[in-house]
Amino acid sequence: MYRGTFAVVDKDAIAANVTSIKSLLAERVRMLVTVKANGYGHGAIEAARAAIRGGATDLGVASVEEGKRLREAGIAQPILVLGAVTPAGAAAAAEAGLAVGVSTQWDDLPEGVFNPPLQVHVKVDTGMGRLGLRDTADVVRLIRSLKERTDVRVTGLFTHLACADAKDTAHSGEQIRRFTEMLAVLRREGLNPPLIHVANSAATLRMQDWHYGMVRVGIAAYGYPPSDAFDIPVSLSPALNLYSFITRIDTLAPGETVGYGATFTACRPTRVATLPVGYADGYFRILSNRAHVVVGGREAPVIGNVCMDQMMIDVTHLPEAETGDCVTLYGHHAPAEWKTRRLETMTEDEQFRWLAASYRESAQSSPTLSLDVLARLADTISYELMCALAVRVPRIYVDSDSSF
Ligand SMILES: *Cc1c(COP(=O)(O)O)cnc(C)c1O
């Protein structure tokens, strides 16, 4: 590592979160963990392995490509593609042993295109307005036509809640009412698939009645609450941490400015520290002159516009801060021993191992700068900040069980 910006992904935290959430489920209920979008930025394969270690029975992805990547890494658990698939995508899914959600009639598809037979979860739209069939008659027709095929197995039926994280549960209640009505019709017709699922993280954490045969958990597995509208019944620890080492500190005179557009003007002698991390790494530009980072356990404001690859912070009130100090952008506060000079004589492999060991020893129990705080300042949700963590940021994986 030469640039000095890195993420620590705590696989132990993901495994522990999954185990805690699973403790809320009845014994027969399966737990799918969504690892779409590169595992919400954490790394899809590593997140999947951690989730499996914690007790996940199934994995969810957005695309056939994402599912295939997990298979190629040797992951054998059931994988469900949640996004829309084309017939060609479904054929590739069958070949890779991925189940797919199906939202449209497949009348024109010749028989025998799926080999081995494709596992289908029929998707129902009960109020999300995104994917799925809305009318019960259409669902009946789709299941009937799929059941006639020898190259398809209808194994599941599911819907997705639009407002499970909202304070008011009326919208979810209405979705569940429609879903229940539809299930009753399907049961009468003898068409109800073996596996029914509805709940995302929010519904899993607050509504035991909505667990059905499987829950689909994403954000909570990564250690963040889906929203602050309700109490979380288990303890969750954030798994994603972003750090950067100060590359330069200099003092500006009153009246001098910082960054593109000169949006920050020093009104006193100001010690400015520069970090080699920017919006291209996933630290949003809207956080300019708004957010703070943590240096040596203390807050330091972001000043000037966040650049593509760099950003500046005010450390005037932190006289002990120096070039080479580690700054926490989010996650657990960096241990004091993290300084560039400690890493200088190490190979990259040694650096990563030392940082991972040191994280486990001290950072894991230190306070956190929550992504929820940054998300509020950026007018978004923790999900978007996580997913935005760029591929170019090296991820250091912390894992007490290296067999995973
Ligand atoms: C991503 C996703 C989930 C998980 O949602 P979280 O809010 O992260 O728990 C569940 N179901 C579907 C269909 C999804 O796309």
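Where a number appears in this text, it was derived from the coordinates with a stated rule and is not lab data. In this text, all values refer to a predicted model and were calculated from it rather than measured experimentally. With ideal geometry, Cβ positions are generated from the backbone for all residues, glycine too; neighbour counts draw on all protein chains shown.
Details
- Selection count, region 60-103, where residues are within 16 Å of the ligand (Cβ to nearest atom), surrounded by fewer than 16 Cβ atoms within 10 Å (Cβ to Cβ) and more than 21 Å from the chain's Cα centre (by Cα): 0
- As a summary of the residue check, Ala199 satisfies the conditions (1) on the phi < 0 side of the Ramachandran plot; (2) in a loop (DSSP other than H, G, I, E, B); (3) more than 16 Å from the ligand (Cβ to nearest atom) except for the one numbered (3).
- Looking across region 19-59, the residues that are of a type in the set (Val, Ile, Thr) and within 12 Å of the ligand (Cβ to nearest atom) come down to Ile21, Val33, Thr34, Val35.
- Of the criteria (1) more than 12 Å from the ligand (Cβ to nearest atom); (2) within 26 Å of Phe158 (Cβ to Cβ); (3) buried (at least 22 other Cβ atoms within 10 Å of the Cβ), which one Arg216 fails: (1)
- Pick from region 111-127, criterion over 12 Å from Ala91 (Cα atoms) and not charged (D, E, K, R), ranking: surrounded by the most Cβ atoms within 10 Å (Cβ to Cβ): Val124
- Exactly one residue out of Ala363, Ala357 is surrounded by fewer than 16 Cβ atoms within 10 Å (Cβ to Cβ), among the small types (Gly, Ala, Ser) and out of contact with any Cys (no Cβ under 6 Å at 6 or more places or on another chain): that is Ala357.
- A search for C-beta distances below 9 Å between a residue of region 103-122 that is closer than 25 Å to Ile196 by Cβ and without any contact (Cβ under 8 Å) to a residue 60 or more places away in the chain and any residue that is among the small types (Gly, Ala, Ser) and assigned to a strand (DSSP E or B), counting only pairs 6+ apart in sequence or on different chains, returns Leu118/Ala99; Gln119/Ala99; Gln119/Gly156; Val120/Ala99; Val120/Gly101; Val120/Gly156.
- Residues (touching a Ser or Thr at 6+ places or on another chain (Cβ under 9 Å) and assigned to a helix (DSSP H, G or I)) located in region 379-404: Ser382
- Looking across region 3-18, the residues that are away from the ligand (no atom under 16 Å from the Cβ) and either under 16 Å from the mean Cα position of the chain (by Cα) or within 25 Å of Arg206 (Cα to Cα) (or both) come down to Ala7, Val8, Val9, Asp10, Lys11, Asp12, Ala15, Ala16.
- Within the option set Arg130, Arg177, being of a type in the set (D, E, K, R), surrounded by fewer than 18 Cβ atoms within 10 Å (Cβ to Cβ) and farther than 22 Å from Ala84 by Cα holds for one residue only, Arg177.
- Across region 133-174, the number of residues qualifying as crowded, with 18+ Cβ neighbours inside 10 Å, in contact with a helix residue (DSSP H, G or I) (Cβ under 6 Å, 6 or more places away or on another chain) and closer than 16 Å to Asn192 by Cα comes to 4.
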